[in-house]
Amino acid sequence: MSGPVFSFSAIVGQDDMKLAMILTAIEPRLGGVLVFGDRGTGKSTAVRGLAALLPPIRAVANCPVNSASAQERPDWVEGPAGRLTSRPTPVVDLPLGVSEDRVTGALDIERALVKGEKAFQPGLLAAANRGYLYIDEVNLLEDHIVDLLLDVAQSGENLVEREGLSIRHAARFVLVGSGNPEEGELRPQLLDRFGVSVEVRSPTDIEERIEVLRRRDALETDPEGFAARWRRHDLRVRRAILAARERLRDVEAPEAVLRDCAELCLALGADGLRGELTLLRAARALAAYRGEARLGRAQLRRVAAMALSHRLRRDPLDEAGSAARVGRAVAEVLA
Amino acid sequence: MSEGWADAALALRLLALDPAGLGGLHLRARAGPVRQAFEDALAIVPLPLRRLHPGMGADALDGGLDVAATLAERRPVRRDGCLAAPALLLLPMAERAAPLLASRLARALDTRRGAALILLDEGAEDETAQSGLVDRLAFTIDLHAVRWQDVAPVAAVPDPPTAEPAMPPEACRAMGLAAATFGIASPRGPLFALRAARAHALLHGRAEVRDEDLAVAARLVLAPRATLRPVSETPPSEPEARPEQGPERSADTDGTALPDRLVAAIRAALPPGALPQADRHAAPGKGASSGSGARMPGQRRGRPLPARAGRAGDGRIDLFATLTAAAPWQALRRRGMAPDDRVLIRPEDLRQRRHEDRADRLLVFVVDASGSAAVARLAEAKGAVVSLLAEAYAHRDQVALVSFRGAGAELLLPPTRALVRAKRQLAALPGGGGTPLASGLRAALEVAAAGRRRGMDPTLVLLTDGRANVGLDGTGGRGAAMADAEAMARQARDAAPAGLVIDTAPRATPETERLAGLMGARRLALPRARADAIGAAIAASRAG
């Protein structure tokens, strides 16, 4: 939606979506969030709200890829490295119809034309490093751009080999895609490259809908008051995310839970090992978020649908949602 | 002065008071003096007017390097895009806007850089502007029925005061309930209605929003978004009769009456019979989301291919490739010339940009649901279509679904890639009645022609037993009906040359043989029409 940033905590309902985004903020290796659902359900609001809630990052002042230190700054950046300054967590919008040049970066055409010099002009992937790359209507994006994005998101590095340039730079970002399945589906090969996926619906509960209106209206009439009111909640989420990042490596994963993960994926016939890994990572992030020291079945149950539902080898025309199939399998395997 | 023009003028005045908050206006009207009068009235909006056009690219919108000026002046010259400064953007022929443009405009509205948008939509019924964009504009105004003599000048608006008018506490609830009653899923509807109510209060110089402001806003903003008509009709005498109840009924009226009044105000603005009754669709969200399928599928631009040498004027010049080609020669060409920092480009360096243009395939299924294609056969035909749909999914084809029975044909699904919807429509398809084969073909040809206009490559797949007995005019009679059907089949040959006729009769009929011949299509009997066979037949007919 529009206007000033809507506080993440003020989003009514949509718990799955909020949890999925928090988990990727805790564990960026989770590999991106796909949010599919109706219009006006707060998809982009949540992305922007989450980025505003995260602490600012420290980055070299004149670095186009937000490097954390002068050593990490890529060697093609000209001029001496600046001082470390803090800037908000980047959220980069990737518009539909964007050209490949603009995404990966390309020859700097201004300098080529004016001075005849060969220089690299960084693209959106550079700007999104250490932050979020948000694609609204990912299902309508051209296929070759989606391929490229998923490749880079996986490897964490952008490699440009074109027009006589050979450039590489870090591109580690959380990919957030959203879309409305009624307007076209995403290729199944691409679905499972996203770490977690959630489905959002317009709330059917009338009280919930009215609460959405009330908060949105409060934001528009009194932005300062609204922000002040929700800042406390946002700060609590921020602290919980930061604490969870600290704890993440210490969460213990007992043998039995690993077995559960594998059995669950086997029961669902999820292809490849990506399902198990994501399930484990998501559950671990959830345990860290809740301050639990050991992984258990409770966390698996909570994240199973978002980690697995988009990985099932599904009949594209199957209407009984795959989330329901995951639910059944969870009930059987984790009985 | 007619209702239509009065509403249009009122919406425009509200927009003039709060252009950024209300987002803009979706105007459905044909070009003509009425629309021109409205366009002239846009001057009351306190923003500079900028005209866009539907084919605009990213450069024009966001600005970029002005190549000609840069080369001439030998320093980078930037050009500002249309979205750089706050403006009232006017998009004519909005129904033709490419998805790219729509999404850029939607983003400009979302970030609220002070822009407001007027969509001039000349689309006929099946074509309309991108629903995602329309959703972000407060008003939809239809001027089709407004006559020239109804047009009156639009009065200017007062300067808005800095303080926003106060909203009565129950307004949010009332507006939310009213939106839910009419099956409006997107929260933007009621939100815009609340903002419009504020603007309406401002227009009348009030410091607080009254019920009448809310009622007017609900009518203007929510009525065009309604997807359902609530079942329980309240007595018609109550609502419209008292819009002047303002002074004594303000913020302290009881909370139950207001939602009812809003509902009544919206209902009064709906044309009778235009919407399904609420009881036919259980969930309010369902009805609304099905409206979003009207997305216009732009032709995909395809993968860039390697650039090729060529002359200026033949196509788009690939600057990068051109510069790369020129680069190695720079030192050599500069010899004997004055020292200069310009790049020396010769005609032989020019490279052209090429794209692999690939048209989307469009499969138009024409399903005979008549009584003669008996119920069991219909189920089999549905089965065949479903397996074809799975095939279409794998190829990323678009599908459309037309069925015919009784007196005429019905477009069940406009071209879409959302196959779950196709399957849902198909499952709900009832059978029985006469066989208006010609009508079915005509409807399918319209879909195919519309698809072709949008750059798609249509194929007809006709499932029938060929026993037409209802003509184009909806009357019975086998002879005339067959003649009509054959005439349409002949047209199909030109409109969608590659086609397939699947004979659903228990025994293959000569009629389908004849139809297939006229259509230039292949024919397949249903017992053998398994998905793989049909797929192969379609592939073969396209190749041939």
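The values are calculated or read from the model by the stated rules, or taken from the named source; none is laboratory data. Note that the structure is predicted; figures quoted are calculated from it, not measured. When we count neighbours, we look across all protein chains shown, and the Cβ atoms used for this are built from the backbone with ideal geometry, even at glycine.
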Discussion item. Being within 12 Å of another protein chain (Cβ to nearest Cβ) and among the polar types (S, T, N, Q) is the requirement here; does A:Ser155 meet it?
Written reply: no
Practice prompt. Could you tell me whether B:Leu202 is touching a helix residue (DSSP H, G or I) at 6+ places or on another chain (Cβ under 6 Å), surrounded by 13 or more Cβ atoms within 10 Å (Cβ to Cβ) and at pLDDT 85 or above?
Written response: yes
Worksheet item: Could you say which residue among A:Glu117, A:Glu142 is more than 23 Å from B:Arg79 (Cβ to Cβ) and not basic (Lys, Arg)?
Response: A:Glu142
Item to complete: Would you please list the contacts, defined by Cβ atoms under 8 Å and residues six or more apart or on different chains, that run from a residue in the range B:26-52 that is in the same structural domain as B:Ala223 (by TED's automatic domain parsing) to a residue that is surrounded by fewer than 20 Cβ atoms within 10 Å (Cβ to Cβ)?
Response: none
Worksheet item: Is it the case that some residue within the range B:384-407 is farther than 27 Å from B:Glu513 by Cβ, basic (Lys, Arg) and in contact with a helix residue (DSSP H, G or I) (Cβ under 9 Å, 6 or more places away or on another chain)?
Response: yes
Worksheet item: Under the condition of being in contact (Cβ under 8 Å) with a residue 24 or more places away in the chain and assigned to a loop (DSSP other than H, G, I, E, B), which residue from the range B:468-484 is surrounded by the most Cβ atoms within 10 Å (Cβ to Cβ)?
Response: B:Ala468
Worksheet item: Scanning for something within 13 Å of another protein chain (Cβ to nearest Cβ), closer than 19 Å to B:Ala11 by Cβ and surrounded by fewer than 24 Cβ atoms within 10 Å (Cβ to Cβ), does the range B:157-166 turn up at least one residue?
Response: yes
Practice prompt. Pick out, from the range A:81-173, the helices (runs of 4 or more DSSP H) lying fully within it that include 3 or more residues that are farther than 25 Å from A:Phe194 by Cα, at pLDDT below 85 and over 15 Å from the mean Cα position of the chain (by Cα).
Written response: A:109-115
Worksheet item: Of the residues that make up the range B:419-439, is at least one in a loop (DSSP other than H, G, I, E, B) and within 14 Å of chain A (Cβ to nearest Cβ)?
Response: yes
Fill in: Scope the range A:210-251; condition in contact with a Leu (Cβ under 9 Å, 6 or more places away or on another chain) and of a type in the set (Lys, Arg); matching residues
A:Arg216, A:Arg238
Worksheet item: Out of all the residues in the range A:11-29, is one or more crowded, with 19+ Cβ neighbours inside 10 Å, out of contact with any strand residue (DSSP E or B) (no Cβ under 9 Å at 6 or more places or on another chain), among the charged types (D, E, K, R) and within 14 Å of another protein chain (Cβ to nearest Cβ)?
Response: no
Practice prompt. Look at A:Arg216 and say whether it is surrounded by 23 or more Cβ atoms within 10 Å (Cβ to Cβ), within 14 Å of chain B (Cβ to nearest Cβ) and modelled with pLDDT under 85.
Written response: yes
Worksheet item: Given (1) surrounded by 24 or more Cβ atoms within 10 Å (Cβ to Cβ); (2) at positive phi, where does B:Gly455 come up short, assuming only one miss?
Response: (1)
Practice prompt. Determine whether the range B:166-187 contains at least one residue that is within 24 Å of the chain's Cα centre (by Cα), among the charged types (D, E, K, R) and modelled with pLDDT under 90.
Written response: no
Practice prompt. Among the strands (runs of 3 or more DSSP E) lying completely within the range B:1-75, list those that include at least 1 residues that are among the hydrophobic types (A, V, I, L, M, F, W, C), surrounded by fewer than 16 Cβ atoms within 10 Å (Cβ to Cβ) and at pLDDT 85 or above.
Written response: B:49-51
Practice prompt. Could you list, in sequence order, all residues of the range A:107-123 that are surrounded by fewer than 21 Cβ atoms within 10 Å (Cβ to Cβ) and either free of Cβ contacts under 8 Å to residues at least 12 places away in the same chain or aliphatic (A, V, I, L, M) (or both)?
Written response: A:Ile109, A:Glu110, A:Arg111, A:Val114, A:Lys115, A:Gly116, A:Glu117, A:Ala119
Item to complete: Take B:Ala196 and decide whether it is farther than 22 Å from B:Phe38 by Cα and within 14 Å of chain A (Cβ to nearest Cβ).
Response: no
Worksheet item: Is it the case that some residue within the range A:132-139 is under 22 Å from A:Leu190 (Cβ atoms), more than 14 Å from chain B (Cβ to nearest Cβ) and touching a residue at least 12 places away in the same chain (Cβ under 8 Å)?
Response: yes
Worksheet item: Here are B:Thr459, B:Thr416, B:Thr464: which of them is within 14 Å of chain A (Cβ to nearest Cβ), touching a helix residue (DSSP H, G or I) at 6+ places or on another chain (Cβ under 9 Å) and not acidic (Asp, Glu)?
Response: B:Thr416
